[in-house]
Amino acid sequence: MTIIEARDIGFSFGRKAVLKGIDLDCRDGEVLGIMGQNGSGKTTLLRILAGYLQADRGSVRYGGRELSGMDAREMARLRAVVSQGVGANFDFPVADYVMLGRTPYLSRFGRERVHDYRIVEQALGMTDTTHLQDRPVSRLSGGELQRVMIARALSQEPKVLMLDEPTSHLDIRHQMEIMDLLGDLSKQMAVIAIVHDLNLAARYCGRIALLHEGTIHSCGPPGQVLVPATIREVFGVRACRAEDPGTGGGIFSFSIPGPDTAGKSRVHVICGGGCGRVVLHMLAGKGYRVSAGILNEGDMDLEVARYLDIPALSAPAFSRIGEEQARLLGETCLEADVVVVVAMPVGEGNIRNLEVAANLPADIPVVLYSPECTLDGLDCINGKGDLLYEQIQNRGTLACTLEELAVVLENTGDVTRREDTGS
Amino acid sequence: MKPVPVLICVSLLLVMAGCTTIDEHPAGTVTFTDDCGTTVEIAAHVERVVSLAPSETEICCAVGGCPLLVGRTDYCTYPAEAAAVETVGGPRTFSVEKVIGLEPDLVLATTVTDSIRVQEIRAAGLPVVVFRLETIEDIYRNIEILGTLLGTSDDALRLVADLSAREAGIESASRGGEPVSVLYVLWDEPLYVAGNNTFQNDLIVRAGGVNIMSDVEGYATVSEESVVNRAPQVIIASREHTSGLSRISDRLLSRPALAEVPAIKENRICEMEPDLVNRPGPRVISALEMFSRCIHA
Amino acid sequence: MHTRLNGRHVIVILCLVLAAAMLLGVVVGESRISFTRAMAIIGSTFLPIPADWSQSEESIILLIRLPRVILAALVGAALAVCGAVLQSLFRNPMADPFLLGISNGAALGASLVLVTGVGVGVGILGVPLAAFAFGLGTIYIVYELARVGNRVPVTTLLLCGIAVAAFMSAGTSFLLFLSGENLHQIVFWLLGGISGRGWDYVLLLLPFVIGGSVLFFSISRSLNALMFGEESAQYLGIEVESQKKIILVAVSLVTGAAVSVSGIIGFVGLITPHMVRLWIGPDHRILIPVSLLFGAILLVLADLASRVLLAPNELPIGIITALCGAPFFAYLLRRRGREA
C-alpha cells in the first residue's frame, strides 16, 4: 500500500534548484533507499517528505492527505525521522530520551501513562537497547546511539520511518545490524533511508530511488537501478558487479575511471585464467592504452578487460586458439609499444599465445610478468610451454612484482617514445 | 571632596606641604612653586587665564579675575559671567589643543585635573599652576595666592577675612549645644552616603553635627536598615543635577521603609546644591552656613 | 554512573532551604532584633499579637528586610530559570538571560532617564519602566534583525544579539561620558542591586516570575526535545518556530522585569542552571523548578552576604555572586571532569 505520494516536488535554495519535478511513492513493507552523490538533494528530499522543509512546488500526501495541511503534532504521529548526527551532549538517560518519542501523544501538563511506558519498553526491545536504558545518551557508542535514536523514533508509533544515513560512522557489523533492523521494521511500517553504501543498499533495500542532478534518475529494485552504466553516470565510478558467494546477490567493486590515455604507450597483455586481472587493473589505472588477448569467453581476465573497457581478442569458450586468431594477435602485438606476457598455466588451448609472443620481432619489447618469480609448473603440455617461456624470458625482461612491472614499463615506454621522436 | 592625588604630588607634598613660594623677578615674570612642587614661571601681569576646574573658576572670579578668563571647563557654570566664557571640555576630558590655542598666560588646575593633560600643556610651554584643595584652609590659601598672581591681592585678602569671620561665627554658634545626628545622602537608590574623611563630614562636624556614618570610610552605599537603626535627626541630601526627576527629598520622605527615621518623621531634611559642597571654592562657607542652618533648625 | 535523584524530594528539600535562607535574611542585619521578635513582627501582620517592639523595629523587619529578601528570591529565581531555558533553546552553555542584549538595552533606558530626567510623573518607577521598555525593545530589534521569513535561526539570533548589545552598551557608555555628575547613579544601576527597593518592586516583579515559571514548566517537555536540536524537536511534533517565539517573549518579559528592578546582576542566570544540571541532570521537568529555587536561594544568601560582610557598607550583590559562585562552579566542573 502506498503511504507517501510525492508529486512534482521542486525546491530551490536561493537561485540554486536542488530538486526538480520529483515523483516518488513510498510503500508499506519495504525499505526504500534514497541514493545519490553528495549534494544531489537526498537530505533535502527527505526533509520535504518529512514535512520539515516546504517544497516550492508539488505536493506530498500521506495516505491521501496533504502534508502541508497537518500540524507538527499530527505529522509526528505519522512519521518519525532519525536525523544525522544529533548532538547528544547531555546526560539524558536513554529511557527518557526514548520517551521523548511520546511527545506527540502527551498533553502539556500530562504525565506519561502506563501505555507510554509500554511503548517505550517495546521500542527498546525492538532495537535491542533495553540494557542501555539507564545510561546517559552522551555516553553511548555510535552504534548504540543509532539504535537508541531509532528506538525514540519507534516510540512515536510512526507509519513511516525515515533515516538520514543511519549507517554512516558505523563499523561494518553495526552497519549490517542496523540494516537488518530496518528490514525487520519494514514489515510493520514503511522505511525510507538515505544510504551511501551501494552494496548495503543493493542488499537491504527493496527499492532504490537514485537522485541525480535534482531529479530521480531511476527508481526500482536494486537489480534494475544499480547497474554499472547507471553507477558510472551517477557516481562517476566504474563499478564491477560480481556474485556475492554469501547471499547469491550482486556485489560491486569500484574504481575510479582511468586518467587520460592520450600520449601513453600502447601495451598488449597476453594473459588468461585470471592471472592477468591485477595487471589489467594496474595498467588501466595508470592510463596506458591497453589491449588484451587472446582470451577465451568465460575467462575471468576477459571479464575484467571488458569491465575496464579494454579491447580484447577473444576466442569461443573451451576452444583452441586458431590460426586466424593467432595472426590477429601477431598484428596487434606489432602495433603495441610493449607486450606484457603474464605467466599462466599453458595448455594446448592457449599455447598459440606464447608462440606468437616468442616469435615477435626483436624491436618489440616483451616483459614477462610472473608474480611467483618462477616459471615452473606452468607447463601442462610436455615441456613445449617451458621452452616457449624460456625463449620469451631470454629476449625480454622478467618482472616479479607489480611495482617492478610498472618500473620496467615506465622505462621501456620512455625508450620507445624517445625512439619515436628520434625517427 | 577627596581629590584623586597624583602620585608625584603625594610624595612631594610630604616635603613641601604649605611652602608655596613666589619670587618676583625684575624681567616681568614671577617664579611660583605650586602645590605639586612644580616651579612655574608666570608673567607679572597675567592677562589670559584658562581654568581647568570649577573650583578654580569660582575662586578666580571671587578675587575679581573673571574678566581675565578666556577658557573654562563644561562644569564651570558659576558665576554667571564665567558661564559665558568659551569651554575646553570636561575637567578630565578637555582638549589640550583648545587650551593651547587660547594662548593663556596662566592655566589653573587642581590635583583632580587629568595630570597627563597637564603635562602636555606644560610641554607646550604654558604655565600651569596646580592647587591642592582638601580643607577650608586650602581654599583660603588658594584665594590668597590667586589674588597675588592676578594682581588683586587686596580683594583676595578681604574675601578671606570675610569668609573666615563667617566660618568662625558658625563654629562658635554651634559649639556647646547638644550634638545633632546627621546623615548626608548623595543618592537615594541605593543609599549612597558621605562617611568619614569627606568634605561633607567636615562640614557636618564644623556645623556642630555628628555624622551617623562616620564609621564608614569615604563615600559608601549603606542599607536602609542602618539608617533606620542609627536614626539620624537631620538628613541633608544632594539635589541632583537632573531636573526631570522628582526631588530627592520627596523621594526620601515618601519612602515607607524610612518612615520611622526621626529626620523624616519631623521633616528635617534639607536639599543642598551639590556644587556648593562638591566644589572646594569660596561658596563652601555658604554651604557651611546651610549645614548649620539645617542642623540647628 | 549517573545517579538520578528523585526530583520531588529535591524540590521539597530546596523549598525548605529557601525558606530557611529567607528567614535568615529577615533575622540577620545591623540592628539586633531577636528571632522570636522578628517572627512576632511578621506574625502580627495577620495575627493579633500585642506589639512589644518599637516602630523602627517593625519598619526594619516589614518594610526593609522582608521585601528585600523576597525581591532577592524573585530576581534570583527569574534569572536562573531564564538562563536555564535560554541555554537549552540555544544549545549553548554560554547563554544567559542577558545574551540577546536585554540588559544592555535596559541599561541604556535606565541611563537615559537618569541623565535626561525624562519620564517625569511616573515618579519612582520611571527608571525601571524605562529599563523594561528598552530591554524589550532591544530584544524586538534583535529578533527582527535575525528573522528570515518565518524562521529565526538561532545562530543569527545570537550574532544579532551581540551586535545590538554592543551598540546599546556603546550608547550607555556615551551617556556615562556625558553624564558628568550623574555618573554614580548610572554606575550604581549598572552594578545592580536589590537594596532599598521595597514592596512596590516586589509587586512589579511577582506576576512576571509566577507567570514565566508556570509557562516554562509547562513547556519543559518541549525544552527537553529542543535540547537535541530544532529539527529533531520539529520531528517530535513541536512547532519549533512558534515555541521559540513564545520562549523568547516570555524570557524577555521575565528578564526585563528582573533587570528593571535590580539592574544587572550577573552570574546567577549563567551558572545556576549549570550547577543544577551537574547535580540533577538536564531534564527540564526538574531542571526548571530546581533552577528557580536554587537561583532564589543563591541570591538571598548573596544579598545577605552583601550587607553583612562589610556592614554598614553594602557590597554590590553582583560582586558576591561572581566571587562565590565562579570558584564553586569551577570546582564542580573539575570534579565532574574526574568522574567522566
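Details
- The set of residues in the stretch C:279-293 being open to solvent by less than 20 Å² (accessible area, probe 1.4 Å), assigned to a helix (DSSP H, G or I) and over 9 Å from C:Ala77 (Cα atoms) consists of C:Ile280, C:His284, C:Leu287, C:Ile288, C:Val290.
- Counting the residues of the stretch A:125-166 that are within 11 Å of chain C (Cβ to nearest Cβ) and not hydrophobic (A, V, I, L, M, F, W, C) gives 10.
- Among the residues here, C:Arg32 does not qualify as among the basic types (Lys, Arg), out of contact with any helix residue (DSSP H, G or I) (no Cβ under 8 Å at 6 or more places or on another chain) and away from chain B (no Cβ under 13 Å).
- Applying the criterion of at least 1 residues that are under 30 Å from A:Leu106 (Cα atoms) to the helices (runs of 4 or more DSSP H) found wholly in the stretch A:123-216 leaves A:142-154, A:172-185.
- Of all residues in the stretch A:25-39, those that are open to solvent by 10 Å² or more (accessible area, probe 1.4 Å) and either touching a residue at least 60 places away in the same chain (Cβ under 8 Å) or part of a loop (DSSP other than H, G, I, E, B) (or both) total 7.
- Any hit, the stretch C:71-91, residues being open to solvent by 40 Å² or more (accessible area, probe 1.4 Å), in contact (Cβ under 8 Å) with a residue 40 or more places away in the chain and away from chain B (no Cβ under 14 Å): yes
- Selection of first residues in the stretch C:13-27 that are modelled with pLDDT under 95 and of second residues that are surrounded by fewer than 16 Cβ atoms within 10 Å (Cβ to Cβ), restricted to Cβ pairs under 7 Å at least 6 apart or on distinct chains, gives the following pairs, ordered by first then second residue: C:Val27/C:Phe35.
- Residue count, the stretch A:69-125 (criterion: touching a strand residue (DSSP E or B) at 6+ places or on another chain (Cβ under 6 Å) and small (Gly, Ala, Ser)): 2
- Within the stretch A:40-55, if we keep just the residues that are open to solvent by 10 Å² or more (accessible area, probe 1.4 Å) and within 14 Å of chain C (Cβ to nearest Cβ), the residue that is farthest from A:Ala201 (Cα to Cα) turns out to be A:Gln54.
- Just one of the listed residues (C:Leu304, C:Leu299, C:Leu333) is open to solvent by 10 Å² or more (accessible area, probe 1.4 Å) and under 24 Å from C:Val28 (Cβ atoms), and it is C:Leu304.
- Every residue from the stretch C:176-225 that is within 14 Å of chain B (Cβ to nearest Cβ), of a type in the set (S, T, N, Q) and surrounded by fewer than 23 Cβ atoms within 10 Å (Cβ to Cβ): C:Ser179, C:Asn182
- Which listed residue is touching a His at 6+ places or on another chain (Cβ under 7 Å) and either farther than 17 Å from C:Ile219 by Cα or without any contact (Cβ under 8 Å) to a residue 12 or more places away in the chain (or both), from C:Phe329, C:Phe267, C:Phe294: C:Phe329
- Residues (facing another protein chain (nearest Cβ under 8 Å) and loosely packed, with under 14 Cβ neighbours inside 10 Å) located in the stretch A:56-88: A:Asp71, A:Gly87
- Within the stretch A:12-24, considering residues that are over 28 Å from the mean Cα position of the chain (by Cα) and at negative phi, the one surrounded by the most Cβ atoms within 10 Å (Cβ to Cβ): A:Ser12
- One residue stands out in the stretch C:42-51 among those that are under 26 Å from C:Ile210 (Cβ atoms) and free of Cβ contacts under 8 Å to residues at least 24 places away in the same chain: the one that is nearest to the other protein chains (Cβ to nearest Cβ), namely C:Thr45.
- Contact map, the stretch C:303-317: residues that are in a loop (DSSP other than H, G, I, E, B) paired with residues that are basic (Lys, Arg), Cβ distance under 9 Å, separation 6+ or inter-chain. Pairs shown: C:Pro312/B:Arg230; C:Glu314/C:Arg307; C:Leu315/C:Arg307.
- Which numbered condition B:Pro104 fails, given (1) exposed (fewer than 14 other Cβ atoms within 10 Å of the Cβ); (2) over 23 Å from B:Leu276 (Cα atoms); (3) in contact with a strand residue (DSSP E or B) (Cβ under 8 Å, 6 or more places away or on another chain): (1)
- Selection of the stretch C:52-70 for residues being at pLDDT below 90 and away from chain B (no Cβ under 13 Å) yields only C:Asp52.
- Inclusion of B:Ser292 among residues that are at pLDDT 90 or above, of a type in the set (Gly, Ala, Ser) and either over 14 Å from B:Glu189 (Cα atoms) or in a helix (DSSP H, G or I) (or both) is warranted.
- Residue check for C:Leu236: at pLDDT 90 or above and within 10 Å of chain A (Cβ to nearest Cβ): yes
- Strands (runs of 3 or more DSSP E) (entirely within the stretch A:329-415) containing at least 1 residues that are of a type in the set (Phe, Trp, Tyr): A:366-369
- Every condition in (1) open to solvent by less than 10 Å² (accessible area, probe 1.4 Å); (2) on the phi > 0 side of the Ramachandran plot; (3) more than 14 Å from chain B (Cβ to nearest Cβ) is met by C:Gly269 except one, and the failing one is (2).
- Pick from the stretch A:303-322, criterion without any contact (Cβ under 8 Å) to a residue 24 or more places away in the chain and not in a loop (DSSP other than H, G, I, E, B), ranking: surrounded by the fewest Cβ atoms within 10 Å (Cβ to Cβ): A:Arg306
- Counting only helices (runs of 4 or more DSSP H) wholly contained in the stretch B:152-253, the ones carrying 3 or more residues that are at pLDDT below 90 and over 29 Å from C:Leu63 (Cα atoms) occupy B:153-174, B:199-206.
- When the stretch B:200-240 is filtered for residues that are on the phi > 0 side of the Ramachandran plot and facing another protein chain (nearest Cβ under 8 Å), only B:Ala231 remains.
- The stretch A:272-288 residues that are within 17 Å of A:Ser253 (Cα to Cα), paired with ones that are open to solvent by 40 Å² or more (accessible area, probe 1.4 Å) and among the charged types (D, E, K, R) (beta carbon under 8 Å, 6 or more apart): A:Ala284/A:Asp309
- The listed residues are B:Glu120, B:Glu144, and the only one of them that is touching a Leu at 6+ places or on another chain (Cβ under 9 Å), part of a helix (DSSP H, G or I), more than 30 Å from C:Asp303 (Cα to Cα) and of a type in the set (D, E, K, R) turns out to be B:Glu144.
The values are calculated or read from the model by the stated rules, or taken from the named source; none is laboratory data. The structure presented is a predicted model; accordingly, all values stated were derived computationally and were not measured. Heads up, the Cβs are rebuilt from the backbone with ideal geometry, glycines too, and the neighbour counts pull from every protein chain shown. Calculation scope for accessible area: heavy atoms of the full protein, side chains included, ligands and nucleic acids excluded. Shrake-Rupley method; radii C 1.70, N 1.55, O 1.52, S 1.80 Å.
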